[in-house]
Amino acid sequence: MAYRYSWLAAAGLVAAALARLNKLVSQSVDGLSWQLVIVGGAALGAVITWTCVSYGVRGRWVLGINTAIVAVVVLRLVAPETMWLFIPTWDTLSSFSNEVSYAGDVIRSGSAPVLPSTGLVAILMSVFWGLGALAVWGLRTARPFVALVPPLGLYLYLATVDRVGLEIGWVVALLLLVGLALVAVALDERTAGVGRIRGARRGGVTATTPVWAVAFVGGIAAVALFMTAAFGSAVEATGVLDWRFQRGLTGSFYGSVSYNPFISVRKSLINTSNTPLFVARTDGDVPADQLYWKLLTMDTFNGVHWFASDPDIDLLEDDLEDPDHSFAGPTAEVTQDVTILALSMEWLPNAYSPNAVTANERQVEAGLRVTPDGSLRFGSLTFDGMTYRVVSDVPQPDLAVLATNDSGQPTRAFAQAIDDGLFTVPEPLVTEARLEPPGVDRLLKLPEELDPRIGALAAELTRGLGSDYEKALALETFLRDRANGFRYDLSVPPGGSTDDLGVWLFDTESPDYRAGYCELYANALGVMGRSVGLPSRVILGFTPGDDLGDGRVLVRDNNAHAWVEFWMPSQGWVRFDATPRSDNVNFSEASTLPFDITQYLEVPPQPEVNVEGLPLPPPQLEGEQPDRFLGAGSADEPAGSFELPGWAWRAIPLIALLGLVVLALPGLKAIRRRRRMRRFESGDISAAWHEITGRLADLGEPPATADTPAEFAEATHRSLVPLAAVYAETVYGPKRPLASSKVAVAQDSYADAEKLLSTRYSPMQRFLSGYSLRSLRRRR
């Protein structure tokens, strides 16, 4: 069979692409495995194309036949109940459009592993159908690279989409497959070329295989894989999309609404739409109109964005929430039956970390995942009509613990309220003593370039307070107090001062001074808390929805919100919301207290700032140690000290790799030249001829296909004539050793030809010829 090795190589590359795809798509729960459907599609494409080529069908008809058959198969796969035998109806086209549209959303927005929805499987089957058809058509018509390049390209695309760390096993396997494919084509071409005149054309393609050119492309592909793995982390985990974007019509016609899981000081959670996102029936000890709905936890701050730092996503098990993250204080169990309406994203709203999760559809339940902090994730995008049930233990913070110190005595603010007869410390519940959350270093980390005035302000606001709870209340109260200049304003444009927390907090000349939306307040509260040692994280989700009066709440697009959770020792994560909304739809922790704590916090005014914009050191109480501000820098650092920026460390390996790529072709040619010269010295005249003609080809003067060596030499320069004559004698003459005199003639002619190259072409032409691929297309 012609190209028998290339058949194996093509099958190996298609199998590698399927194996990579297997990492991105979850397993089927019911019915036929999606892998079998895709393999079946590839086999059908191969068989149909083989039959067409065997009967001499032209290429465009082969394409048309495959397209028609794959269309019928896809429609039968997506909407079989709407078709009349193999004839689609209007309902078929409508169902197909909906399924493919949903699959497109999953491809654009889903995170691996996604669920194998019908539309997604249909798209993938069509792709592999095409791979099977191209493999057969390319190898049956003497175009081996038409068969081998598409599966390699698909593999590289899937590897890029996967965007995991460097997996050396996958890289080595791909390189081996590419290498074996090149060897297979070379062997098949050499076998097919026996008895044929060099340069003859078969099937419209020259028999000469561009092995070195494809090897170079394969090297570039390998570098691309390493670069994707090595520098994928340099791309911010927040992505590049706005946090919220809406598809479809507005007004009385609702499309779907999606949220990109990140939070920044940029304007993105500004929602004026009343689009209903989901409806929930709740049962438990917490009123439905007081439930916050969480989507995702952001635990990392990079100076601009809050984002989730590569959260682990696990299958549903008995303990859905990591015990180290669970709330140690009293909780109230709440059952939520949620029905998705226009929400289209991979994270599922729930009242708090789940104890149990179930779904009506088995395929939906199979796609549910959970992170250690209790965020729920779906294997694809949520869709209209999707339902699931979550049972959660919603925290009920214990004031008896939060209002007292380690010795059980009331802290300063609460002690004063007790003296005024406004508060009585209740009997504390027995709780587990947990002083720090897991991963506390990440939850306190702030960038070094953070404006030091932020830490100075937070330290002044919390100076002298007796507990983490009082510090969190002081920061929340300060940001919610309109007397401090803060106002909730959706008209603040993005960019400018809103991109810099320091400018937003301190620049009184800024038109956006202390005005904005929930993003800005959540960002400020989380950063200020970390600067005084409070582990913090930002939560993305929704404020309580509208009570429908029948046990259900309706959550709309304008309920989208961001708030902060601080870790309280011996309790756990407690919600704080600093956004000063006039409708009070967001409940603050201070508002749940039985008295007004503001008067007892004694929040001082903003610290004075000197004319150079640097913070004056806050006054210290007697015996008090200076606060250590994360990100404020060190006074011990010598003036003018230089530190290589972070981007430079990432650029160094990039420059090194680019250097390797730049040197690859000239280096490859240099190695080939040394090998040929060793053969030439031992009497192989063909090595010298191929070297000199290859260099001329790179310089733009390749031998014509029909030229004999003598004709090419005469047309190029007389210095080549003796070498051409000796070369022709070795190729076309009798097989016997050359006389030493003729070898000497060839060596002198080659030396003259090299002198010709140095005088006939400029240094720049010779330099650029080192990157030409012309000589690499020539075998030998």
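What the table shows:
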read-out: Single residue of the range 433-450 satisfying the filter (closer than 23 Å to LEU479 by Cα and of a type in the set (A, V, I, L, M, F, W, C)) that is most open to solvent (accessible area, probe 1.4 Å); value: LEU444
read-out: Members of the range 526-560 found to be in contact with a strand residue (DSSP E or B) (Cβ under 8 Å, 6 or more places away or on another chain), farther than 17 Å from LYS294 by Cβ and not charged (D, E, K, R), listed by number; value: VAL527, GLY529, LEU534, PRO535, LEU548, GLY551, LEU554
read-out: GLY439, sole failed condition from (1) at negative phi; (2) in contact (Cβ under 8 Å) with a residue 60 or more places away in the chain; value: (1)
read-out: Residues satisfying the stated conditions in the range 451-473, i.e. in contact with a Ser or Thr (Cβ under 8 Å, 6 or more places away or on another chain) and open to solvent by 10 Å² or more (accessible area, probe 1.4 Å); value: LEU465, GLY466, SER467, LYS471
read-out: Qualifying position, being under 29 Å from MET568 (Cβ atoms) and touching a Ser or Thr at 6+ places or on another chain (Cβ under 9 Å), among THR424, THR382, THR335; value: THR335
read-out: In the range 725-769, the residues that are farther than 19 Å from PHE680 by Cβ and surrounded by 16 or more Cβ atoms within 10 Å (Cβ to Cβ); value: TYR761, SER769
read-out: Counted residues, the range 274-319 - those being modelled with pLDDT under 85 and charged (D, E, K, R); value: 7
read-out: Of the criteria (1) touching a helix residue (DSSP H, G or I) at 6+ places or on another chain (Cβ under 6 Å); (2) modelled with pLDDT under 85; (3) small (Gly, Ala, Ser), which one ALA359 fails; value: (2)
read-out: Tally of residues being crowded, with 20+ Cβ neighbours inside 10 Å and of a type in the set (Lys, Arg) across the range 677-706; value: 1
read-out: Any chance ARG108 is modelled with pLDDT under 85 and basic (Lys, Arg); value: yes
read-out: Helices (runs of 4 or more DSSP H) within the range 400-485 that include 2 or more residues farther than 15 Å from TYR600 by Cα and in contact with a strand residue (DSSP E or B) (Cβ under 7 Å, 6 or more places away or on another chain); value: 440-444, 452-462
read-out: Candidates ALA359, ALA332 - the one that is over 18 Å from GLY551 (Cα atoms) and small (Gly, Ala, Ser); value: ALA359
read-out: Tally, over the range 118-130, of residues that are in contact (Cβ under 8 Å) with a residue 40 or more places away in the chain and over 19 Å from ARG60 (Cβ atoms); value: 8
read-out: Test: residue in the range 375-384 that is of a type outside the set (Phe, Trp, Tyr), open to solvent by less than 40 Å² (accessible area, probe 1.4 Å), without any contact (Cβ under 8 Å) to a residue 60 or more places away in the chain and closer than 27 Å to GLY303 by Cα; value: yes
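Let's see how each residue does on (1) modelled with pLDDT of 90 or more; (2) surrounded by fewer than 22 Cβ atoms within 10 Å (Cβ to Cβ); (3) more than 29 Å from the chain's Cα centre (by Cα); (4) not in a loop (DSSP other than H, G, I, E, B):
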| position | (1), (2), (3), (4) |
| --- | --- |
| ARG537 | yes, no, no, yes |
| GLY549 | no, yes, yes, no |
| ASN558 | no, yes, no, yes |
| GLU565 | yes, no, no, yes |
| ALA578 | no, no, yes, no |
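The values are calculated or read from the model by the stated rules, or taken from the named source; none is laboratory data. Owing to the predicted nature of the structure, the values given are computational and were not obtained by experimental measurement. We place every Cβ from the backbone using ideal geometry, glycine too, and count neighbours over all the protein chains shown. Only protein heavy atoms, including side chains, enter the accessible area calculation; ligands, DNA and RNA are left aside. Shrake-Rupley method; radii C 1.70, N 1.55, O 1.52, S 1.80 Å.
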